Amino acid sequence: MIEDVDDHGFVPERAKNLRAIAASFQAGWVSGRAGACQQFLFAINCWLRRITSALARCIAAINNEVSRGTSMQANDSKSAELVGRLERLPFSRWHRNLFTLCFIGVMFDACDFALFGMALPPVAREFGLNQAQAGLLATVGLVGAFLGALFWGTISDYIGRRTSFAATIGIFSVFTGLVAVSWNVLSLSIFRFISNFGLGGEVPVALTLTAEYSPSRIRGRMTGSMMAAFPLGLALAALLAYFIIPTYGWRTVFIIGVVPAVLLFFVRLIMPESVRYLISRGRVAEAERTVAEIEAKASEGKPLPPASVVPAGAEERGVTVFELLTPERRRQTILLWIVSFCFLWSSNGIIFMLPQILVQRGFELKQIFIFLFVQAVAAFVGYTACGFLIDRYGRRPVLFLYYFIGAFFHLWFAQATGVWIYFAIAAVGWVNPGVYGSNGIYVSELYPTHLRATAVGWFFGIGRIGSFLAPAVVGFMLQYGLGAYVLHTFALTFLIASIALWMVGIETKGRVLEQITAAPKPA
């Protein structure tokens, strides 16, 4: 009971509103640091046990993979049949439920991710940080997201998509709540780092799972629409920041951040393990049971069309991270990492540092939240449109134009004044982060199942290097009078990304995943 900790300063019976609740949390944790440290260490211990268990499973799987060298051949025909049965399914209520669960997970991920940038000005005031120090504080969380993307993307190819999705949701929910009770910059940095360790892994895992369950004919639309939850989360963050931070303080929005933990119940209820993952691990019987259950739900009592067999060649197996840089994949992987670095430099530079940039230009905090809301709404439209466009016109031309034209949108926003600034920020939002989801789809299509999540995780993870460098660099630029040129760096990185994207040279529109990865790569 909360009443048991009154000696730590909590007075819940007097908390008439959210302001009082946030104040009681702050007072309790400032005056009772010993108790706070004990609870923190207990939480860390619990999560370390879970992560250690997952690592043990991962190491065992790697040893098993290396020892057998190549994928098993005996079940090839059955595997091809199961993939064909998945591909024939119509978009059904079952797909919609899975889509909704991943959509909400990504939305909460993005909301939590963006809230820290919106809360950064009042956080900096409370702890007496200058602009450069505030940028470094944002960088701490982004380093956590960087490591989370690498870790969870890789490990989900060994322990499964479903397990990894649940773990990332649990981690970022718990530690986002703990951010609300931070008593100094060090505790805030630790909680935010661990929270982002979960945040960084959730999107690659959700994207991979959705792509593997989406029929090839609608994969761009289905997965792109799911990833449109990201800008919706940004819009939700802007609304929460607008209505809560000025009145109740920044801590309150992070108290709300524990809500996504509710999703863990629905993960157990709705989300099966990826059939393609099960096949890649040789668990064909389990995959067949899962397909049968999905067919029963997706058919809704109607006859299904005949299934076509989707053959796929045998996959040479090794340690997935190393396979990304084998001679036949090295060029493709490095080009995609360049795209990711450039995109996340500009994207997270805006998410985390745009409030600071606009404060320096003389805008009030509430007006800044309106700009961010406009950007998020435009991004939602841009995300959704991109998903439909890549299924209609192809991945390469649409993604190239998003990046190329987007470079000029950033320059427009840098120069816009008056009412035109609203149009300019909307144009930026259409492409940044509007291209984010479809870019992830493209990456997931270019690699075979046994290393797909690793490829997506490292794509976003390498990009996180740009994302955690950007706030620090932007912070120093603002501190030393170079703020007028920040948006120009975002324009340049979008231009570089457009060139690297086009050089990948592979079109995946309308093709089954196994057919894409079995096709010869361009020289």
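The values are calculated or read from the model by the stated rules, or taken from the named source; none is laboratory data. Since this is a predicted model, take the numbers as computed values, not measurements. No Cβ is skipped: glycine too gets one built from the backbone with ideal geometry, and neighbour counts run over all protein chains shown.
Of the conditions (1) buried (at least 21 other Cβ atoms within 10 Å of the Cβ); (2) of a type outside the set (Lys, Arg); (3) more than 18 Å from residue 455 (Cα to Cα); (4) free of Cβ contacts under 8 Å to residues at least 60 places away in the same chain, residue 260 clears all except one; give me its number.
It is condition (4) that residue 260 fails.
Mind counting the residues in the range 426-455 that are closer than 19 Å to residue 156 by Cα and assigned to a loop (DSSP other than H, G, I, E, B)?
Here the count works out to 3.
Answer with yes or no whether residue 379 is in a helix (DSSP H, G or I), under 24 Å from residue 489 (Cβ atoms) and at pLDDT 95 or above.
no
Sort through 188, 101, 115, 199 and tell me the only one that's surrounded by fewer than 24 Cβ atoms within 10 Å (Cβ to Cβ), hydrophobic (A, V, I, L, M, F, W, C) and within 20 Å of residue 348 (Cα to Cα).
188
Which pairs turn up if I take residues in the range 274-297 that are not assigned by TED's automatic domain parsing to the domain that holds residue 91 and look for partners that are β-branched (Val, Ile, Thr) and outside any helix (DSSP H, G or I) with beta carbon separation below 6 Å, at least 6 apart in sequence or on another chain?
none
When you look at residue 79, is it among the hydroxyl-bearing types (Ser, Thr, Tyr) and at pLDDT 85 or above, yes or no?
When the stated conditions are applied, residue 79 does not pass them.
Conditions tested, residue by residue: (1) over 22 Å from the mean Cα position of the chain (by Cα); (2) more than 25 Å from residue 219 (Cα to Cα).
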| position | (1), (2) |
| --- | --- |
| 357 | yes, yes |
| 361 | yes, yes |
| 365 | yes, yes |
| 394 | yes, no |
| 432 | no, no |
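Would you point out which residue out of 484, 453 is assigned by TED's automatic domain parsing to the domain that holds residue 376 and modelled with pLDDT under 85?
Result: 484 is the single residue among 484, 453 that is assigned by TED's automatic domain parsing to the domain that holds residue 376 and modelled with pLDDT under 85.
How many residues does the range 385-399 hold that are surrounded by fewer than 19 Cβ atoms within 10 Å (Cβ to Cβ) and of a type outside the set (Lys, Arg)?
Result for the range 385-399: 5.
If you check residue 458 against the conditions, is it crowded, with 18+ Cβ neighbours inside 10 Å, of a type in the set (Phe, Trp, Tyr) and part of a helix (DSSP H, G or I)?
Yes.
Which members of the range 411-434 meet the condition of being touching a Phe, Trp or Tyr at 6+ places or on another chain (Cβ under 6 Å) and at pLDDT 90 or above?
Hits for the range 411-434 are 424, 425, 427, 428, 431.
I need the full set of residues from the range 289-305 which are in a helix (DSSP H, G or I) and either in contact with a Phe, Trp or Tyr (Cβ under 8 Å, 6 or more places away or on another chain) or within 13 Å of residue 91 (Cβ to Cβ) (or both), in order please.
294, 297, 298, 299
Under 7 Å between Cβ atoms, at least 6 apart or on separate chains: pull out the pairs that start in the range 382-400 with a residue that is farther than 18 Å from residue 499 by Cα and end on any residue that is basic (Lys, Arg).
387/221; 388/221; 391/221; 391/509
Could you please tell me which pairs satisfy a Cβ distance under 9 Å, a separation of 6+ or placement on different chains, a first residue in the range 226-245 that is surrounded by fewer than 24 Cβ atoms within 10 Å (Cβ to Cβ), and a second residue that is charged (D, E, K, R) and modelled with pLDDT under 85?
Pairs found: 242/366.
Whether any residue in the range 271-285 is of a type in the set (A, V, I, L, M), out of contact with any helix residue (DSSP H, G or I) (no Cβ under 6 Å at 6 or more places or on another chain) and within 24 Å of residue 452 (Cα to Cα) is what I want to check.
yes
With respect to the numbered conditions (1) closer than 22 Å to residue 160 by Cβ; (2) touching a Leu at 6+ places or on another chain (Cβ under 9 Å), which one is the sole condition not fulfilled by residue 268?
Unmet for residue 268, out of (1) closer than 22 Å to residue 160 by Cβ; (2) touching a Leu at 6+ places or on another chain (Cβ under 9 Å): (2).
Just one of 343, 369, 373, 322 is surrounded by fewer than 24 Cβ atoms within 10 Å (Cβ to Cβ) and modelled with pLDDT of 85 or more; which is it?
322
Could you tell me which of the residues 163, 168 is modelled with pLDDT of 90 or more and either surrounded by fewer than 24 Cβ atoms within 10 Å (Cβ to Cβ) or at positive phi (or both)?
Matching residue, one of 163, 168: 163.
Hey, does the range 391-404 have a residue that's closer than 28 Å to residue 363 by Cβ and assigned to a helix (DSSP H, G or I)?
Yes, because at least one residue in the range 391-404 is closer than 28 Å to residue 363 by Cβ and assigned to a helix (DSSP H, G or I).
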